[in-house]
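Working notes, structure below.
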Amino acid sequence: MAERRITFGWHLDGQRSTEPRNTLGESIVGPMGFLTLLETQLGLMALHPAQTERIVQYRICLQDLDADHRFYHQSFLVDPLGTAACLLDWRDQWALHGWDGCMPANAPKRLRDMAEIEAMARTAVSPNIGQRLRAVRAALEVRKLEIDQVLLIDPLASLPARWQAVLAELPIVEIAEPDGKGALFLGALQANLKKAVAGQSTSKLTWQDDGSVVVVQSETRTLAAHWLASQLEIERPTLLVCGRGGARLDTHLAAAHQPRQGIKEASAFRPALQILPLTMELLWSPLNYYALVQFLTHPVCPIPGFARRRLAERVADAPGIGGEYWRRTLSNIDAHYGPERALEVRERIAFWVEHDRYQAEEGARIDAVIDRVNRLAEFFRLRLGEVDLAKLLAFHAGYGQCKACLNSLKGLMAQGIDRIHPRQLQKLVAQATANGSDNQLWPAEVGARQTVAHPGAVFEPTERAIWWQLTMPDLPGNVPWSSSEICALRDAGVALPEVSDQLDQAAKEWVRPVMATREQLLLVLPPPSEEVHPLWQMICAVVEQPRVMRLEELLELGGNALAALTPVPLAAAKRWWKLPEEITVSLREKESFSSLELLLFNPYQWLLRYPAALSPSRLISVGGDFRILGNLAHGLIERYFVHPDSLTMSDITFEGWFAKAFAEIIDQEGAILRIPGRGADLESFRFRLHRSMLALREQFSQAGTVKVLPELPVSGQFEGGELAGSADLMLQNACGDRAIVDMKWSGIKKYPEKLKENRHLQLSIYAELLRQEQGKQPSVAYYILDRARLFAPDDRFFPDAEQVKSVNGENTAELWHRFLSTWRWRAEQIKAGSFEVVLERTQPTEESEPPAEGMAIETLSEAYNDYWALAGWEA
């Protein structure tokens, strides 16, 4: 039977420290791997809960012993789970270093409290690593392991006391540190570093460019990774030390047709791990609508795709739940899924979106939270049979996260907790997520080299070593205990390592990759703006002016590997686009003001939006205040004027109606204004809209208005075909005269200027369509809502409006004729395949001049041009 040999090191878990070889009965393990192996052979295997559950278990111990005199009392009142997590970490550290749960009678107060807690926690809290090792040590006295030898790559004295006790019962052999037998300058560097680590003085070396030590640096990690990927030789034995930022390097290796190294980088932001935090965020009132849109647009969501996209669009346009707009959206969803699935989809929407919410200060019912987490866990569980590997791994990660959180919540409920507050819930979710999950779709491929994430995992010699990104590591910090407490802990058998000893051991580990190298050491420094690794500082201390090769300089020097490329300029913006003769574009049979505005004032936008049917990105996000406030104001005024008594309502009745209707529309379409921090914005909007509606009531009363129709559809004909739109307000007075009012949330300078220059095209179009229907030209006006000001070109209908007469003496009807002339001009250009690009960066030509009887060409705001980038760039 083959000899059973274990190689054990503190940093060996999950590392690929040796070259692949044919072996039988050999294992290379770190602490967790070795502990699992020991427990398996000794019959001590057990299901150990996640750390989140242990925190909840420890929390009840703290609660049961809590009193005013306890050192943790005030912290526990504010953050019980955070306090439990911190003190549990103390307890686990002490146990690993030898604590048996007792403290001397003269120990400081904090330690005596911890000992009293331990008396309960010993049986109430699942075992920590120290306790498990203690059980292993006890089992070794009566049972024999099938292990012939343990090769220890770290000094036994550097390991925690519990590990020392276990290893003392095993046949261990300590492996010497790599001896540093490198060639050329590398060998001299190894000798000096060895002396420096041992604390011996040494004279500085003169740098030698013999290729045995190469140091490179780049302004960006991207260039460094690209360069390094081109330097690796598959046939040459190489050790890669790669801590942070390894995934980027793996990407560049794959692009260079090199084997992936399978460098693991855990992330808490994997898509499947985001949905639980978002779900928990939706529990609270006022609702976070940004989180709701993120939930509905998330690729891993328990609501079916079509339904969640429609809801997301609705919430982004009008943040709120309920009301007519919401009901119309739900009806569209029902129609899409049909009677077979509509009921199920509506139930999911009700559960995940339309549920009851809780005030943060009161906390959420813990049974309701458990119900939601349980449903989400079930959502993931039902997808664990997914055949697509990417989805399967994502669902496994999400399921594990939900189960860990669920077990913790159930533990709290078993302890009699019936409410949980946002901060506590966030902590539970964060603890359940921990470091996140790896990207399992990028495993190590055939031909992958020795790869370690920590230099302390290196113990075998290698021909070549590469250290990717020598960034500052996490260094041992100060402990949270006083000197007297540390002395008392030592008396209690807790052998905590000194910070100086930890730093000495870390220095020995840092130089291991250097000492293990035989032929070439390649160090890749981080960008100049980042702090470097202490190893580089050690090298600078023993070498006179180390030479660093700047990778950007290689680009400037060129070479065989850098082929010169002829620059290809970006397409320049030009004023006119000319279509090929074989391509023709027809005018549309039906137009609206919005489409005609593009056709007249920027034809290339009309071309791309309608004939080319290019749509902007469907990325959904909550709109800005300008749009939301405008929609809310329009919506509330529309609600008011559909009221049968809107024109006869008394001021007192109006005040009551406004208070109720304003609250309703905010809840249904503008609830984003209720989130914390927006109270002043909400009150400012309430004041301005209330003032505006009072002024509007007064204006309509002075005009003798007897009928108001909001959002009136108007349609008719023009030379190009059918024309349709919707007028914000259509008014009629006792004499039968009519007027159209276009409401704008803001634009106190813009819209009066349009009237002054007779450019109010939208009003002109609606006026003409109403004239075609009813045979009489109506009056027109703009109402600027945030300033409560009404502007009209005359006082025929509105005697109290601010009159803005046109400077050329023309009226709205004459503007219609100018529009027709301009449309004919543009139609001829479209027929000829010519489309003008009207932008600030394109200069007009002779062809840009409209006919004398036409309208002046406006330059539309480029902020609303979805096709700005497609027009070309400046040279």
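The values are calculated or read from the model by the stated rules, or taken from the named source; none is laboratory data. Model, not experiment: these values are computed from the prediction. Note that each Cβ is placed from the backbone with ideal geometry, even for glycine, and that neighbours are counted across all protein chains shown. Heavy atoms of the whole protein, side chains included, go into the accessibility calculation; ligands, DNA and RNA do not. Shrake-Rupley method; radii C 1.70, N 1.55, O 1.52, S 1.80 Å.
Evaluated against (1) closer than 22 Å to Leu723 by Cβ; (2) among the small types (Gly, Ala, Ser); (3) crowded, with 21+ Cβ neighbours inside 10 Å, Ala801 falls short on exactly one condition, (1). Residues in the stretch 230-240 that are touching a residue at least 24 places away in the same chain (Cβ under 8 Å) and either open to solvent by 40 Å² or more (accessible area, probe 1.4 Å) or under 29 Å from the mean Cα position of the chain (by Cα) (or both): Ser230, Gln231, Ile234, Arg236, Pro237. Checked against (1) open to solvent by 60 Å² or more (accessible area, probe 1.4 Å); (2) under 19 Å from Glu313 (Cβ atoms); (3) without any contact (Cβ under 8 Å) to a residue 60 or more places away in the chain, Glu582 meets all criteria but (2). I'm checking my understanding of the structure. Among residues of the stretch 648-664 that are open to solvent by 70 Å² or more (accessible area, probe 1.4 Å) and over 41 Å from the mean Cα position of the chain (by Cα), which one is nearest to Trp745 (Cα to Cα)? Top of the filtered list is Glu655. Taking the criterion of being of a type in the set (A, V, I, L, M), touching a Gly at 6+ places or on another chain (Cβ under 9 Å) and in contact (Cβ under 8 Å) with a residue 60 or more places away in the chain, the only residue of the stretch 21-54 that qualifies is Ala50.
Mind checking whether some residue in the stretch 136-144 is closer than 25 Å to Leu88 by Cβ, open to solvent by 30 Å² or more (accessible area, probe 1.4 Å) and not polar (S, T, N, Q)? Yes - at least one qualifying residue is present in the stretch 136-144.
Out of Leu587, Leu632, which single residue is surrounded by 14 or more Cβ atoms within 10 Å (Cβ to Cβ), more than 21 Å from Thr822 (Cα to Cα) and not hydroxyl-bearing (Ser, Thr, Tyr)?
Leu632 is the lone residue from the list that is surrounded by 14 or more Cβ atoms within 10 Å (Cβ to Cβ), more than 21 Å from Thr822 (Cα to Cα) and not hydroxyl-bearing (Ser, Thr, Tyr).
For the stretch 387-400, the criterion of being in contact (Cβ under 8 Å) with a residue 12 or more places away in the chain, surrounded by 22 or more Cβ atoms within 10 Å (Cβ to Cβ) and in a helix (DSSP H, G or I) is met by at least one residue. Per the conditions (1) under 30 Å from Pro473 (Cβ atoms); (2) in contact with a Lys or Arg (Cβ under 7 Å, 6 or more places away or on another chain); (3) among the β-branched types (Val, Ile, Thr), the sole criterion not satisfied by Ile303 is (1). In a strand (DSSP E or B), without any contact (Cβ under 8 Å) to a residue 60 or more places away in the chain, touching a Phe, Trp or Tyr at 6+ places or on another chain (Cβ under 7 Å) and surrounded by 18 or more Cβ atoms within 10 Å (Cβ to Cβ): does that describe Tyr782? Answer is yes for this residue.
Would you pick out the residues in the stretch 183-229 that are in a loop (DSSP other than H, G, I, E, B) and either of a type in the set (Phe, Trp, Tyr) or under 45 Å from the mean Cα position of the chain (by Cα) (or both)? Outline the logic, then answer.
Initial filter on the stretch 183-229 (in a loop (DSSP other than H, G, I, E, B)): 183, 198-204, 207-212, 218-220.
Hits for the stretch 183-229 are Trp207, Gly211, Ser212, Ser218, Glu219, Thr220.
Considering only the stretch 708-725, I want to know if a residue exists there that is under 12 Å from Tyr783 (Cβ atoms) and of a type in the set (D, E, K, R). There is no residue in the stretch 708-725 that is under 12 Å from Tyr783 (Cβ atoms) and of a type in the set (D, E, K, R). With respect to Ala256, determine if the residue is touching a Leu at 6+ places or on another chain (Cβ under 7 Å) and within 22 Å of Leu521 (Cβ to Cβ). So Ala256 does not fit the description; no.
For the stretch 786-814, give me each residue that is more than 13 Å from Tyr751 (Cα to Cα), out of contact with any strand residue (DSSP E or B) (no Cβ under 8 Å at 6 or more places or on another chain) and in a loop (DSSP other than H, G, I, E, B). Within the stretch 786-814, Ala788, Pro799, Val807, Asn808, Gly809, Glu810, Asn811 meet the criteria. When the helices (runs of 4 or more DSSP H) confined to the stretch 242-317 are screened for residues that are modelled with pLDDT of 90 or more and either farther than 30 Å from Gln450 by Cα or among the polar types (S, T, N, Q) (or both), those reaching at least 3 such residues are found at 271-281, 289-296, 305-317.
State yes or no: is Val708 hydrophobic (A, V, I, L, M, F, W, C) and over 21 Å from Ala661 (Cα atoms)? Judged against the criteria, Val708 is not a match. The single condition among (1) exposed (fewer than 15 other Cβ atoms within 10 Å of the Cβ); (2) within 25 Å of the chain's Cα centre (by Cα); (3) of a type in the set (Val, Ile, Thr) that Ile349 does not satisfy is (1). Scanning the stretch 476-492 for residues that are surrounded by 14 or more Cβ atoms within 10 Å (Cβ to Cβ) and among the small types (Gly, Ala, Ser) turns up Ala488, Ala492.
All conditions but one from (1) farther than 18 Å from Glu118 by Cβ; (2) within 31 Å of the chain's Cα centre (by Cα); (3) open to solvent by 20 Å² or more (accessible area, probe 1.4 Å) apply to Leu81; the one that does not is (3). Filtering the stretch 134-182 to residues that are in a loop (DSSP other than H, G, I, E, B) and touching a Ser or Thr at 6+ places or on another chain (Cβ under 6 Å) leaves only Gly182.
So which residues in the stretch 829-875 are in a helix (DSSP H, G or I), open to solvent by 30 Å² or more (accessible area, probe 1.4 Å) and touching a strand residue (DSSP E or B) at 6+ places or on another chain (Cβ under 9 Å)?
Taking the stretch 829-875 first, the residues in a helix (DSSP H, G or I) are 829-831, 846-848, 862-864, 868-871.
This time we only want the ones that are open to solvent by 30 Å² or more (accessible area, probe 1.4 Å), so: 831, 846-847, 862-864, 868-870.
Selection gives Glu847 alone.
Of the residues examined, Ile672 is not one that is surrounded by fewer than 20 Cβ atoms within 10 Å (Cβ to Cβ), of a type in the set (A, V, I, L, M) and touching a residue at least 24 places away in the same chain (Cβ under 8 Å). Annotation: Leu159 fulfils all but one of (1) without any contact (Cβ under 8 Å) to a residue 40 or more places away in the chain; (2) open to solvent by less than 20 Å² (accessible area, probe 1.4 Å); (3) within 23 Å of Pro178 (Cα to Cα); the unmet one is (1).
Picking from residues in the stretch 804-817 that are touching a residue at least 40 places away in the same chain (Cβ under 8 Å), open to solvent by 60 Å² or more (accessible area, probe 1.4 Å) and of a type outside the set (Asp, Glu), the one that is nearest to Leu689 (Cα to Cα) is Lys805.
Within the stretch 516-547, the set of residues being open to solvent by 10 Å² or more (accessible area, probe 1.4 Å) and part of a helix (DSSP H, G or I) comprises Pro534, Trp536, Gln537, Met538, Cys540, Ala541.
Checking each residue in the stretch 249-306 for being open to solvent by 50 Å² or more (accessible area, probe 1.4 Å), aliphatic (A, V, I, L, M) and under 22 Å from Gly400 (Cα atoms) picks out only Ala266. Condition check: at pLDDT 95 or above and open to solvent by 50 Å² or more (accessible area, probe 1.4 Å). Does Arg691 satisfy that? For Arg691, the condition - at pLDDT 95 or above and open to solvent by 50 Å² or more (accessible area, probe 1.4 Å) - is met.
Residues are listed down the side, and each one gets a yes or a no for (1) among the polar types (S, T, N, Q); (2) under 30 Å from Val458 (Cβ atoms):
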| position | (1), (2) |
| --- | --- |
| Gly14 | no, yes |
| Glu19 | no, yes |
| Val29 | no, yes |
| Leu35 | no, yes |
| Gln57 | yes, no |
| Tyr72 | no, no |
| Val78 | no, no |
